[in-house]
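No value in this document is a laboratory result; all are computed from the given coordinates. Small disclaimer: the values here were computed from a predicted structure and weren't measured.
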Amino acid sequence: MAVKVHLHMHVSDLDKSREFYRQFFGQGPVKEKTGYVKFLPEWAPVNLALSRGGQGGHGTVDHVGIQVDSPEAVMTQLSRVKAIGLPVREEMGVNCCHANQDKFWVKDPDGVEWEVYHLNYDLEGDEAEGASRPSGLAVVGTPSCCSSSSCA
């Protein structure tokens with residue numbers, strides 16, 4: 001099995017969240033227990049566990065990013081997600097967080113935004129605003145361009 005980053009989120013409606021992530025990841029959960037669901041998507045380096053409860057789930061995570069290895073991988077996932085009817089926000093060729101990126105965003109039932117992105121190239125000087133991000137899965141909650149509206 002590939003290395004995956006584990007995220008655990010509390011959600012307000014486990015059934016709605018299960019269905020959203022089934023659609024977004026393109027496959028069902030690998031484990032389901034009372035009040036608990038776990039996903040290990042083949043195309044993304046994440047181990048996502050969802051539990052019922054918390055303060056409506058909202059606010060636990062600002063956004064989550066999945067960095068893929070090519071612009072084509074972004075487009076493949078974007079096409080798949082659009083084809084199943086999930087609302088998406090596309091941002092191709094954006095300059096943010098010291099890099100140029102192609103990305104799209106989806107929002108789960110609790111308002112947690114997920115971005116699928118490719119870092120096209122690093123920016124130098126005045127173009128490079130915001131905070132640098134390492135490769136891989138990024139969880140971001142910082143101001144400037146690195147907010148849930150624009151940055152990995």
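Here are some notes:
- The 3J(HN,Hα) values that the Karplus relation (6.51, -1.76, 1.60; θ = phi - 60°) gives for the stretch 115-123 are, in residue order, 10, 10, 9, 10, 7, 6, 6, 6, 9 Hz. Gly and Pro appear as x.
- Under-5 Å amide H pairs with residue 10, H placed in peptide plane, nonlocal only: 51
- Couplings 3J(HN,Hα) of the stretch 25-30, computed from phi: 7, x, 6, x, x, 8 Hz, in residue order, whole Hz [Karplus 6.51 cos²θ - 1.76 cosθ + 1.60, θ = phi - 60°; x for Gly and Pro].
- Taking amide hydrogens as placed 1.01 Å from N in the peptide plane, the amide H of residue 120 sits under 5 Å from those of 100, 101, 102, each at least 5 positions away in sequence or on another chain.
- Between the amide H of residue 5 and those of 46, 47, distances stay under 5 Å, these residues lying 5 or more places away or on another chain, with hydrogens modeled in the peptide plane.
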